[in-house]
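S.K.: Sharing a structure with you now.
The values are calculated or read from the model by the stated rules, or taken from the named source; none is laboratory data. These numbers were taken from a predicted model, which means no experiment stands behind them. Cβ: placed from backbone, ideal geometry, glycine included. Neighbour counts: every protein chain shown.
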There are 2 protein chains.
Amino acid sequence: MEFYNFSEQVLRDFTQSVFEKMGCSEIHAILATDVLIKADLRGIDSHGVARLTGYVRLWEKGRINPKPNIKIVHETATTATVDGDAGLGLVVAPFAMDLAIKKAKEFGSGWVAVKNSNHFGIAGYHALKAVENDMIGYALTNASPLVAPTFSSERMLGTNPICYAFPAGKFPAVVVDMATSTAANGKLEIAQRQGKNVPEGWIQDKDGNAALHPEDLKNGGSLLPLGSDREHGSHKGFGLSATVDILSAVLSGASYGPWAPPFVAFMDPLPNQPGEGLGHFLGAMRVDGFRPIEDFKANMDNWIQRFKDAKPIDENQKVIIPGEPELQAEQDRKINGIPLIDAVVNDLNEIAEKLNIAKLAI
Amino acid sequence: MEFYNFSEQVLRDFTQSVFEKMGCSEIHAILATDVLIKADLRGIDSHGVARLTGYVRLWEKGRINPKPNIKIVHETATTATVDGDAGLGLVVAPFAMDLAIKKAKEFGSGWVAVKNSNHFGIAGYHALKAVENDMIGYALTNASPLVAPTFSSERMLGTNPICYAFPAGKFPAVVVDMATSTAANGKLEIAQRQGKNVPEGWIQDKDGNAALHPEDLKNGGSLLPLGSDREHGSHKGFGLSATVDILSAVLSGASYGPWAPPFVAFMDPLPNQPGEGLGHFLGAMRVDGFRPIEDFKANMDNWIQRFKDAKPIDENQKVIIPGEPELQAEQDRKINGIPLIDAVVNDLNEIAEKLNIAKLAI
């Protein structure tokens, strides 16, 4: 496994070209690119340009509409449902978050459920848009079924992430952005590429037995909900994942549970879909709907400082504030570039050839 | 350890008498009683009348105001902050949830942060009020510091529960109501009473070493966040607990993190409190702000049925829908009574003697 280093701008230009070749408008191509590159910058490599080939394959299958007519299909002062028209989640979710922010500006809070969408990238991208407006941001999405509920061996839920983002003052925003499974699928992919076992409690085999080999996941096994087993609270991870599924998909009219359309193009969605596409749920609340923003920020700074000062078990490993490692990665990679593994570069260059755009130079 | 069985009504009358002796109005005494008894009915024994002595001791210490002037101190169309005036969380939280529901009726959603409150009982009680109005309910609270963040040996957070409640059609509501620690404190109390070890991953000792003895928790140890250790996602449990702390306390102006006032009266709150009392966060969203209620309920029923039908690992243990065991307990205990262990009955009867009310007959 070898790494190649690319500047942010090189990857932006490349990615935008791909989306434009898919038929996206320039505005949509720039926006979708921004969401993907943000993941690479923040060190969440599994959700960045490494996914680009996946989007292209879904588009080739006719499952992504590059020119969606995204529209509001139901609405109150502070709530709405958006139909993504099978567009890229990378452009549908920002539309929905902008709507949530607009409602929050006027009425204090805004909540938008989305149906008929696709993978929306990193949840943190969307939640952070609220933070820029001195609001608390909230972003959820359901995803390809890979996780089994407690007591089951069946893939019924996605890794269904939850993200909350909170503005702070002198410190950066606190961003909780987490899969509701014990391990994110990206970690399994890495272990598989390296031929390594994973820790007990991450996956089970197709019969529900504890498993250590990433191959067991591929062969009909499943990821385990946060908590790993009943004794360690996996019913809580299941409950969180169920919450994400219900808010994102049952509430919006998207497909939920095992019917959530798979991200991989070689698997067709199950027949008899109960809804349309993937679902998201985006929210924004004005901080000054509760207390003056400066009071909140001062107390957030105090909160962050106190947690940084919490007594460490090992003097060399202090408490990590949620969102801090991602921001450090972003600052570093903006300057030093984004490393991509050779397999990803090869995939991207295959696409470049197919779409007749300039390859990434290595 | 012996159990005594009491009818719901006997415990209601007793509990109401205690709250009235504390100086609560009849209306508040009835409401606080309703919250506590609901916990006993639903089988969450740690949060029912077993807590009554704790409230009385806090009142004796002057930390609970039995005649609070609960008021809205900040407000927009869909957001508000409520000052609980050091009242029982058992009456402050219902005030806040009623306000959230009122706002949701008018504007689609309502969100209320609460400061200067006390323990609010089970989160599910409050979230279920929204369900009665065909809304999605949300209830959070911070709590006495007992949980250490990942990489720390210091008690910085409470078991900070998250509750979402969703209405369904022919099936009962889905209620996700969970501590964000691996194990609830109540489970530790039971293990301690029985002199038993707890599973690895529930607690650590005062230096952050893995521990199995409930005594280690008492002697300066801490509960672990959901996920137990970094490898199994404890940073996610920490992130969830942090989210609850921020929404409940930093947003409202309550005391957060290690400053959250302890529930036990023999421990004084830390000096230099950054806010006032405990904090809660209550929310309500109209389902029909997103899609027609009948569509939602039909799809919830389909969701529930599909998860009940998920392939079980063991034929005798099907997937448990969140909220189902609590409802079964409620139906059973309404008919067959509520079992209390002798230690709880003795505590209650000591209070009865002190307050000069009729003891529970055993």
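S.K.: Kindly list the number of the only condition in (1) free of Cβ contacts under 8 Å to residues at least 24 places away in the same chain; (2) crowded, with 22+ Cβ neighbours inside 10 Å; (3) of a type in the set (A, V, I, L, M, F, W, C) that fails for A:V18.
M.R.: Status for A:V18: all satisfied but (1).
S.K.: Return only the number of the condition from (1) farther than 20 Å from A:N299 by Cβ; (2) over 21 Å from the mean Cα position of the chain (by Cα); (3) facing chain A (nearest Cβ under 10 Å) that B:N219 does not satisfy.
M.R.: Among (1) farther than 20 Å from A:N299 by Cβ; (2) over 21 Å from the mean Cα position of the chain (by Cα); (3) facing chain A (nearest Cβ under 10 Å), B:N219 violates only (3).
S.K.: Look at region A:168-200 and say how many of its residues are at positive phi and charged (D, E, K, R).
M.R.: Here is the first cut: in region A:168-200, the residues at positive phi are A:195.
Adding the requirement that they be charged (D, E, K, R) leaves none.
The number of residues fulfilling the criteria is 0.
S.K.: Just to be sure, is A:K187 in a helix (DSSP H, G or I), within 12 Å of chain B (Cβ to nearest Cβ) and either within 25 Å of A:G121 (Cα to Cα) or touching a residue at least 40 places away in the same chain (Cβ under 8 Å) (or both)? Write out each step before concluding.
M.R.: Details: in a helix (DSSP H, G or I): yes; within 12 Å of chain B (Cβ to nearest Cβ): yes; either within 25 Å of A:G121 (Cα to Cα) or touching a residue at least 40 places away in the same chain (Cβ under 8 Å) (or both): yes.
So A:K187 passes the test.
S.K.: Of all residues in region A:306-338, which are in a strand (DSSP E or B) and farther than 20 Å from A:Y125 by Cβ? It would help to see each step written out before you state the result.
M.R.: From region A:306-338, those in a strand (DSSP E or B) are A:312, A:314, A:317, A:338; that's our starting set.
Correct list: A:P312, A:D314, A:Q317.
S.K.: Now, a different point. Name the one entry in A:F151, A:F171, A:F238 that is under 30 Å from B:L251 (Cβ atoms), in contact with a helix residue (DSSP H, G or I) (Cβ under 8 Å, 6 or more places away or on another chain) and not aliphatic (A, V, I, L, M).
M.R.: Numbers: A:F151 fails: under 30 Å from B:L251 (Cβ atoms); A:F238 fails: in contact with a helix residue (DSSP H, G or I) (Cβ under 8 Å, 6 or more places away or on another chain).
Just a single option satisfies the conditions, and that option is A:F171.
S.K.: Next question, about the same structure. Taking region A:243-263, which residues are crowded, with 19+ Cβ neighbours inside 10 Å, not acidic (D, E) and not in a loop (DSSP other than H, G, I, E, B)?
M.R.: Of everything in region A:243-263, those that are crowded, with 19+ Cβ neighbours inside 10 Å, not acidic (D, E) and not in a loop (DSSP other than H, G, I, E, B) turn out to be A:T243, A:V244, A:I246, A:L247, A:S248, A:A249, A:V250, A:G257, A:W259.
S.K.: Being free of Cβ contacts under 8 Å to residues at least 24 places away in the same chain and more than 8 Å from chain A (Cβ to nearest Cβ) is the filter; apply it to region B:295-320 and report the residue that is nearest to the chain's Cα centre (by Cα).
M.R.: Only one residue fits best here, namely B:K308.
S.K.: Tell me yes or no: at least one residue of region B:47-59 is surrounded by 18 or more Cβ atoms within 10 Å (Cβ to Cβ), outside any strand (DSSP E or B) and small (G, A, S).
M.R.: Looking for residues that are surrounded by 18 or more Cβ atoms within 10 Å (Cβ to Cβ), outside any strand (DSSP E or B) and small (G, A, S), one finds at least one in region B:47-59, hence yes.
S.K.: Condition first: acidic (D, E) and without any contact (Cβ under 8 Å) to a residue 12 or more places away in the chain. Now tell me which residues in region A:333-362 satisfy that. Even if it seems obvious, please write down each step before you answer.
M.R.: Start the filter on region A:333-362 by keeping residues that are acidic (D, E), which leaves A:342, A:347, A:350, A:353.
A:E353, the sole residue that qualifies.
S.K.: With (1) within 14 Å of chain A (Cβ to nearest Cβ); (2) without any contact (Cβ under 8 Å) to a residue 60 or more places away in the chain; (3) more than 19 Å from A:V112 (Cα to Cα); (4) not in a helix (DSSP H, G or I) as the list, and B:T81 as the residue in question, which single condition is left unmet?
M.R.: Going through (1) within 14 Å of chain A (Cβ to nearest Cβ); (2) without any contact (Cβ under 8 Å) to a residue 60 or more places away in the chain; (3) more than 19 Å from A:V112 (Cα to Cα); (4) not in a helix (DSSP H, G or I) one by one, B:T81 breaks only (2).
S.K.: Do you know which of the residues in region B:227-242 that are outside any loop (DSSP other than H, G, I, E, B) and without any contact (Cβ under 8 Å) to a residue 40 or more places away in the chain is surrounded by the fewest Cβ atoms within 10 Å (Cβ to Cβ)?
M.R.: Start the filter on region B:227-242 by keeping residues that are outside any loop (DSSP other than H, G, I, E, B), which leaves B:230-232, B:234-242.
If we keep only those that are without any contact (Cβ under 8 Å) to a residue 40 or more places away in the chain too, we end up with B:231-232, B:236, B:239.
On the way: B:E231: 14, B:H232: 26, B:K236: 29, B:G239: 28.
So the residue we want is B:E231.
S.K.: Given (1) within 11 Å of chain B (Cβ to nearest Cβ); (2) within 29 Å of B:I246 (Cα to Cα); (3) aliphatic (A, V, I, L, M), where does A:V198 come up short, assuming only one miss?
M.R.: Result: A:V198 passes all but (2).
S.K.: Residues to consider are B:A254, B:A284; find the one that is more than 7 Å from chain A (Cβ to nearest Cβ), aliphatic (A, V, I, L, M) and over 30 Å from A:V250 (Cα atoms). Don't jump to the end; show me each part of the working.
M.R.: On the way: B:A284 fails: over 30 Å from A:V250 (Cα atoms).
From the options B:A254, B:A284, the qualifying one is B:A254.
S.K.: Just name the residue that is surrounded by the most Cβ atoms within 10 Å (Cβ to Cβ) out of those in region A:321-341 that are of a type in the set (A, V, I, L, M, F, W, C) and either in contact with a Pro (Cβ under 9 Å, 6 or more places away or on another chain) or within 11 Å of chain B (Cβ to nearest Cβ) (or both). Steps first, answer last, please.
M.R.: Taking region A:321-341 as the starting set, the residues that turn out to be of a type in the set (A, V, I, L, M, F, W, C) are A:321, A:327, A:329, A:335, A:338, A:340-341.
Checking the rest, the ones that are also either in contact with a Pro (Cβ under 9 Å, 6 or more places away or on another chain) or within 11 Å of chain B (Cβ to nearest Cβ) (or both) come to A:321, A:327.
Values: A:I321: 24, A:L327: 17.
For region A:321-341, the residue satisfying everything is A:I321.
S.K.: Here's a follow-up. Out of curiosity, is A:F266 within 29 Å of A:P167 (Cβ to Cβ) and either at pLDDT 95 or above or part of a loop (DSSP other than H, G, I, E, B) (or both)?
M.R.: Working: within 29 Å of A:P167 (Cβ to Cβ): no; either at pLDDT 95 or above or part of a loop (DSSP other than H, G, I, E, B) (or both): yes.
Here the answer is no, as A:F266 does not meet what is asked.
S.K.: Within the group B:A86, B:A93, which residue is assigned to a helix (DSSP H, G or I), in contact (Cβ under 8 Å) with a residue 12 or more places away in the chain and away from chain A (no Cβ under 14 Å)? Outline the logic, then answer.
M.R.: Values: B:A86 fails: assigned to a helix (DSSP H, G or I).
After applying the criteria, what remains is B:A93.
S.K.: How many residues are more than 16 Å from the chain's Cα centre (by Cα), more than 7 Å from chain B (Cβ to nearest Cβ) and not aromatic (F, W, Y) if we restrict to region A:236-251?
M.R.: The total comes to 1.
S.K.: If B:P292 satisfies all but one of (1) more than 9 Å from chain A (Cβ to nearest Cβ); (2) over 19 Å from the mean Cα position of the chain (by Cα); (3) surrounded by fewer than 18 Cβ atoms within 10 Å (Cβ to Cβ), what's the number of the condition it fails?
M.R.: (1)
S.K.: Can you pull out the residues in region B:121-143 that are within 14 Å of chain A (Cβ to nearest Cβ) and either free of Cβ contacts under 8 Å to residues at least 40 places away in the same chain or of a type in the set (V, I, T) (or both)? Outline the logic, then answer.
M.R.: So the first thing to find is which residues in region B:121-143 are within 14 Å of chain A (Cβ to nearest Cβ), and the list is B:123-124, B:127, B:130-131, B:134-140, B:142.
Selection gives B:V131, B:I136.
S.K.: Let me ask something else about it. For A:D207, indicate whether it is modelled with pLDDT of 95 or more, out of contact with any Phe, Trp or Tyr (no Cβ under 6 Å at 6 or more places or on another chain) and more than 8 Å from every other protein chain (Cβ to nearest Cβ).
M.R.: It is false that A:D207 is modelled with pLDDT of 95 or more, out of contact with any Phe, Trp or Tyr (no Cβ under 6 Å at 6 or more places or on another chain) and more than 8 Å from every other protein chain (Cβ to nearest Cβ).
S.K.: Among the listed residues A:R230, A:R193, identify the single one that is within 11 Å of chain B (Cβ to nearest Cβ) and not hydroxyl-bearing (S, T, Y). Write out each step before concluding.
M.R.: Values: A:R193 fails: within 11 Å of chain B (Cβ to nearest Cβ).
Of A:R230, A:R193, the one residue that is within 11 Å of chain B (Cβ to nearest Cβ) and not hydroxyl-bearing (S, T, Y) is A:R230.
S.K.: In the list A:N118, A:N65, A:N133, which residue meets the criterion of being of a type in the set (S, T, N, Q) and under 23 Å from A:A184 (Cβ atoms)? I'd like the intermediate steps shown before the answer.
M.R.: On the way: A:N65 fails: under 23 Å from A:A184 (Cβ atoms); A:N133 fails: under 23 Å from A:A184 (Cβ atoms).
Unique residue meeting the criteria: A:N118.
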